[in-house]
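To keep things clear, I will list the structure first and then write my remarks on it.
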Amino acid sequence: MTNFPYHREVRKEKDVFRMTDIPYYREVANEKDVFRAAWQSRRAVLLKGPTGCGKTRFVEAMAAELKRPLITVSCNEDLTAADLLGRYLLKGGDTQWMDGTLTRAVRMGGICYLDEIVEARADTTVAIHALTDHRRELFIDRLGEQLQAPPEFMLVVSYNPGYQSILKDLKPSTRQRMISIELDFPPADIELEVVIKESGIDEANAQDLVRLAGAIRELDIPGLPEVSSTRTVIAAADLIRAGLPLKEAVRAGMIGPLCDDPLIDRSLMQLVSTYIS
Amino acid sequence: MTAAEFTQHFYSLIAGAVAGRSVPVHWHDDKKYNAYTDNSCIYVPAFEFSRMHAFDVIAQALLIRVGALKREHVRKLLGKRNIHNRYLFAEIVRATRLNANILPRAFCENAAIRQFPFTTNSPEQSYTLAAGKEHFPAFPDFLGTLRCLLVLNNSLPEQAPAPELKLQKKVTAVLAEDEEEGESEESIILKLLSKKQIFAAKGRVADFIAKLLGITGGGKPQKKPGSGGGVELPMGNVSMVKRKGKLIGRLSDLSVEVVVTKDSNEAGSHIYPEWDCSKQKYRTDWVVVDEVDPLREKAESGAVMSEILQPPSMELKRKLAGVGLSFEKHRNQSEGEDYIIDRVVNYFVDCRSGTTPNEGVYTRNMKTRRDLAAMLLLDISGSTAEMEKPGGFSVHHKQMQLAYHLMTALHGFGDQVSLYAFHSWGRTMVRLVRMKAFKDRFIDSRIRNRFAMLEPVGFTRIGGALRHAARKLQEEETGLPYQILITITDGFSYDHGYEGEYGEEDTKKAIEEIRSKGIGCLCITIGSDQQEEKLKNIFGKASTLAARDYDDFIHNIRPALLRAVAQTRSG
């Protein structure tokens, strides 16, 4: 029929329905308690943290724990309010209404997760305003419908402060409506636990990877805009587990994604050889 | 790329990771020492090239990270050479245990570190342990060497008038001797101090020693403005001591000899030539410039900083607006040079259908595009620390305020701005302190905090700093047509072997080179009137703004900046 992006999301949502196990998430501070409290008091949650620190995994784990379907929307500049709320599509000679992702989540009382919310345009973000305060309702102007959110519905947005630019920042009015949970890369011992659990490599190798990531996070050099995230550490660990030699796994999993400067890349590899024997 | 250059870059990277701030690494060629640090850079022995020096670098970077080499601690160690290694050992083990999660496993599990039998929790405890009688395991070479005088020398706010240099040299020599041979428990310097007459008789020398050892607090303003002084204490000045026979070796110990390689890279050092006016030719590969982060043991007080870091006034902003603009095409204008066909068609359609037409049918070129890249270079040598009256603002404070205002104002207009501070200790230690790089998109608390960490110490080898700044400006902002380099200085160009005519001629040459690259230059001084003529001679009359005070600066900045823009290739 059509190839609107949210159709992919709908498929994902069915997968979530089928998901029975709770995904692994290791709590670092009290973020799970805060999330549960927010769900109980029917408030929206703003997740802050660098890329690859486990924001999405955290939401997945919480959705499974609370037994709610999870609908994820990756926000981008072209995401319109219609993508969230719904639109009329042509079918034969007729028009047919199609719910947007957010509308769908409200109707089924699920958890709607707007990933990288600042990427969306301001007019899209204000669509959630009425939903996130005491009214908890979604107004679909094209249908003239006022949709009241059920108590189980929850909105979660994520946001990476490191990426913000002057043009892209959350409006204070949007920000104020949320409860904020700040996530960061876990401390070394917890990260070690996570890496071992996720990838299944032995402790010595995992320790080397975590120490290396810790050192790279301390670096502040031009040409290195990002640091090694927990995600890249696990990627490298997975590659080791799959039989790749240590150094090649680290290069492919951790160093390669960091930067494109060949000089820095080579130097980082020297750093790697100090940490990994 | 040869192995040497490559390895150098990599060591800077690992030093930066372990120390948590930018730490350049150099090779040194002095067989007496293992790896050592002056708390900003790390020097690794070049003569043992075959050995891997990663552990040496990690050990020194750890000392920087945990603040083991703060002046208060190093002062206590001065002259007690027999406990230097013990202190290093205890501190490095302490730092390793504290930061185990970012260190390579091999380093933490090194036998010497792992089997160290004692535990300390602070530099004080480490000192007590080191000074005690406990038996230590054998000292491994990779823990390096402690050079107390180097650490203290590089953080000393120096100022002393010329006539007393002779005596100061003697004191310096004694100190040097102390560092090298001070095997005895009771050091020579302590004996010197016990002879009270030094303090009684030679006021300024005594001040100097006292300052070095931290006996009195802070520098006293001794120099009268306009006295033509401005000579800073040349510690470790080799050239002038050669005549004195025996002292040569010891004094030259204080200046750091590094092994210079031709290559330069973004995390390592940068090598520049210098103009030798007596021979009328360049000294190639002469000056080593490093980029470091600001470091001060005790940050400038919040009250002073909040007074300095005020947002720029409306008046300054008005003066700076409209400098360095280029033409930009604007669409949908009601008057202009060319039609937009679509719009014209719409206009007539609207007319015919009876609705009010939109009159914006022209494109017009207007001078609105911000096309200025400005590199600000702030002099933070020891001479700027002078205050006119106690408790007031020093030249350093005034210059800092001026630099902050210029930076913030230009940044606010959307110009590309970066700010680096500079000082030096001889030709191998020219340091550019990063305050705001071009790539820093916001002037936030992180950048404001850096100002509080600036300490006015050292000398002014301005040529190397200018050459490096110009290169950065050109490499990082290639796209913009108006590139200007603004130097904010107190005008005392002075360093080891950079005195008088030599320094002036080299600076002149550097400015010449920079202009020939199409970069506009401007030199601003504030509140230090003495060197105006000299600066005008060096930078050219049109490119010098010697402001009496802040109001004078505001009054004159616009024409001065416009003249600088006019010097650029596009201007």
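Here are some notes:
- Pairing each residue of region A:86-103 that is farther than 25 Å from A:Leu155 by Cβ with any residue that is aromatic (Phe, Trp, Tyr), provided the two are 6+ apart or on different chains, yields C-beta distances under 7 Å for A:Thr95/A:Tyr88; A:Gln96/A:Tyr88.
- Test for B:Leu192: is it modelled with pLDDT under 90 and either in contact with a Leu (Cβ under 7 Å, 6 or more places away or on another chain) or in the same structural domain as B:Gly458 (by TED's automatic domain parsing) (or both): no
- The requirement of being under 30 Å from B:Glu300 (Cβ atoms) and assigned to a loop (DSSP other than H, G, I, E, B) is satisfied by B:His496.
- Checklist (1) touching a residue at least 24 places away in the same chain (Cβ under 8 Å); (2) of a type in the set (Gly, Ala, Ser); (3) in the same structural domain as B:Ser306 (by TED's automatic domain parsing) applied to B:Gly391, failing item: (1)
- Residues of region B:57-87 classified as more than 21 Å from the chain's Cα centre (by Cα) and basic (Lys, Arg), total: 5
- When region B:36-58 is filtered for residues that are within 16 Å of B:Thr145 (Cβ to Cβ) and within 13 Å of chain A (Cβ to nearest Cβ), the ones remaining, listed by number, are B:His53, B:Phe55, B:Asp56, B:Val57, B:Ile58.
- Among the residues of region B:78-87, just one is surrounded by fewer than 21 Cβ atoms within 10 Å (Cβ to Cβ) and among the hydrophobic types (A, V, I, L, M, F, W, C), namely B:Ile83.
- Residues (modelled with pLDDT under 90 and β-branched (Val, Ile, Thr)) located in region B:471-488: B:Thr478
- Cross-chain or 6+ apart pairs with Cβ under 7 Å, region A:195-211 first and away from every other protein chain (no Cβ under 11 Å), then among the aromatic types (Phe, Trp, Tyr) and outside any helix (DSSP H, G or I): A:Lys197/A:Tyr24; A:Glu198/A:Tyr24
- Hits in region A:221-247 (condition: more than 14 Å from A:Asn205 (Cα to Cα) and either within 14 Å of chain B (Cβ to nearest Cβ) or free of Cβ contacts under 8 Å to residues at least 60 places away in the same chain (or both)): A:Ile221, A:Pro222, A:Gly223, A:Leu224, A:Pro225, A:Glu226, A:Val227, A:Ser228, A:Thr230
- Among the residues making up region B:490-531, those that are touching a Phe, Trp or Tyr at 6+ places or on another chain (Cβ under 9 Å) and closer than 16 Å to B:Phe553 by Cα are B:Leu522, B:Cys523, B:Ile524, B:Ile526, B:Gly527, B:Ser528.
- In the set (1) within 13 Å of chain B (Cβ to nearest Cβ); (2) loosely packed, with under 15 Cβ neighbours inside 10 Å; (3) without any contact (Cβ under 8 Å) to a residue 12 or more places away in the chain, the condition left unmet by A:Glu218 is number (2).
- Residue list for region B:85-121, restricted to those being assigned to a loop (DSSP other than H, G, I, E, B) and either farther than 23 Å from B:Tyr11 by Cβ or without any contact (Cβ under 8 Å) to a residue 12 or more places away in the chain (or both): B:Glu109, B:Gln115, B:Phe116, B:Pro117, B:Phe118, B:Thr119, B:Thr120, B:Asn121
- Top-ranked residue of region A:249-277 - restricted to ones that are among the β-branched types (Val, Ile, Thr) and either over 15 Å from B:Phe10 (Cβ atoms) or more than 7 Å from chain B (Cβ to nearest Cβ) (or both), ranked as farthest from the chain's Cα centre (by Cα): A:Ile276
- The criterion of at least 1 residues that are under 21 Å from A:Ala122 (Cα atoms) is met by the following helices (runs of 4 or more DSSP H) wholly inside region A:31-105: A:81-85.
- Pairs with Cβ under 6 Å, 6+ apart, first in region B:1-27 and at the interface with chain A (Cβ under 7 Å from one of its Cβ atoms), second modelled with pLDDT under 85 and surrounded by fewer than 18 Cβ atoms within 10 Å (Cβ to Cβ): B:His9/B:Asn265; B:Phe10/A:Gln270
The values are calculated or read from the model by the stated rules, or taken from the named source; none is laboratory data. Keep in mind that what you see is a predicted model, and the values were worked out from it rather than measured. Positions of Cβ are generated from backbone atoms using ideal geometry, with glycine treated the same way; all protein chains shown enter the neighbour counts.
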